[in-house]
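Below: one structure, written as structure tokens.
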Amino acid sequence: MPPTEARSVVPAHVAIIMDGNGRWAKQRGLPRIEGHRRGVETVRTVTFAARDLGVRMLTLYAFSVENWKRPQDEVGALMGLLEFYLKKELETFVRDRVRLRTIGRTQDLPAGVQKLLRTAIEETRHFTDYTLVLALNYGARTEAVDAARAYAAAVAAGTEKLNDDSWETFSRYLYTTGLPDPDLIIRTSGETRISNFLLLQAAYAEFVFTPVLWPDFGKPELAAAIAEYARRERRFGQTGDQVKPAAVQRP
């Protein structure tokens, strides 16, 4: 449900479509995997930049269900980088009290990656101040199919009612159950599409598209996107006058 209270100028939940690693490498005459390596470094930079800027939750589109179609050597390298990232960052997550969550069909990822994810999620699950969500083997249409299947199974089992057609009920079966919808979605690299990312959850999100390639995206670029978000008026179907805070009455 759209919030009725006045929002903060800082979005509580920012989601990012990290794009441009390959083009960054190509511009420099480097192999694509080098762009992905630099992209992993940016993940670390932006994760903590977001927290410094007051964001409470950051979701990163790390690997889509469509990415399996890429050349197998690139897919293998991406999985290797993911495993390296998780091994390297677990201690940092615990030290800095970052809760890790995932969304997507993570059961289809390599066994080594799954094990590292389970460990990181378990060891950080009690942190509440800041959450990093990795979208892995994620696709919004796949999510909708999985949610519909799970909801139908619940109806068949008698734990849900078929005539309960509320969004609140159905959304409990999405991968993002328990997580707030994103306030701001950013896509890097100049592309202006959302590529099957959080289609249902993004119903009221603000979008910022930046030409900056992901390896070059840092705290200044994130701060600029948040500043753009702060200039937007979010009405959630209401009029501008309805969402403006009431003028302070002078005595």
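Worth a mention:
- Tally of residues being in a helix (DSSP H, G or I) and either of a type in the set (A, V, I, L, M, F, W, C) or in contact (Cβ under 8 Å) with a residue 60 or more places away in the chain (or both) across segment 144-162: 11
- Residues (touching a Lys or Arg at 6+ places or on another chain (Cβ under 9 Å), open to solvent by 60 Å² or more (accessible area, probe 1.4 Å) and either within 17 Å of Val55 (Cβ to Cβ) or at pLDDT 75 or above (or both)) located in segment 217-249: Glu233
- Residue within segment 37-48 that is in contact with a Leu (Cβ under 7 Å, 6 or more places away or on another chain), of a type outside the set (Lys, Arg) and under 19 Å from Ala202 (Cα atoms) present: no
- Matching residues in segment 76-102 - criterion: being surrounded by fewer than 17 Cβ atoms within 10 Å (Cβ to Cβ) and of a type in the set (Lys, Arg): Lys87, Lys88, Arg95, Arg97
- Selection count where residues are acidic (Asp, Glu), surrounded by 12 or more Cβ atoms within 10 Å (Cβ to Cβ) and closer than 27 Å to Ile17 by Cα, scope segment 121-175: 3
- Neighbours by Cβ (under 6 Å, 6+ apart or cross-chain): first from segment 69-85, farther than 15 Å from Arg32 by Cβ; second among the small types (Gly, Ala, Ser) and surrounded by fewer than 17 Cβ atoms within 10 Å (Cβ to Cβ): Glu83/Gly112
- For segment 112-141, residues that are within 24 Å of Leu81 (Cα to Cα) and either part of a helix (DSSP H, G or I) or not aliphatic (A, V, I, L, M) (or both) total 20.
- Unmet requirement for Arg105, which otherwise passes all of (1) open to solvent by 50 Å² or more (accessible area, probe 1.4 Å); (2) closer than 24 Å to Pro31 by Cα; (3) not aliphatic (A, V, I, L, M): (2)
- Annotation: Ala203 fulfils all but one of (1) farther than 28 Å from Gly35 by Cα; (2) in contact (Cβ under 8 Å) with a residue 24 or more places away in the chain; (3) surrounded by 10 or more Cβ atoms within 10 Å (Cβ to Cβ); the unmet one is (2).
- In segment 32-74, the residues that are among the basic types (Lys, Arg) and part of a helix (DSSP H, G or I): Arg32, Arg37, Arg38, Arg44, Arg51, Lys69
- Among the residues of segment 188-200, the one identified as touching a helix residue (DSSP H, G or I) at 6+ places or on another chain (Cβ under 7 Å), open to solvent by 20 Å² or more (accessible area, probe 1.4 Å) and not hydrophobic (A, V, I, L, M, F, W, C) is Asn196.
- So Glu66, is it modelled with pLDDT of 95 or more and closer than 28 Å to Arg141 by Cα: yes
- Filter result for Asp165 (part of a loop (DSSP other than H, G, I, E, B), out of contact with any Gly (no Cβ under 8 Å at 6 or more places or on another chain) and at pLDDT below 95): yes
- Selection of segment 175-226 for residues being assigned to a strand (DSSP E or B) and farther than 24 Å from Arg99 by Cα yields Glu206, Phe207, Val208, Phe209.
The values are calculated or read from the model by the stated rules, or taken from the named source; none is laboratory data. Quantities reported herein were computed from a predicted structural model and do not represent experimental measurements. FYI the Cβ positions are ideal-geometry reconstructions off the backbone, even for glycines, and counts take in every protein chain you see. These accessible areas exclude ligands, DNA and RNA; they are computed on the full protein's heavy atoms, side chains included. Shrake-Rupley method; radii C 1.70, N 1.55, O 1.52, S 1.80 Å.
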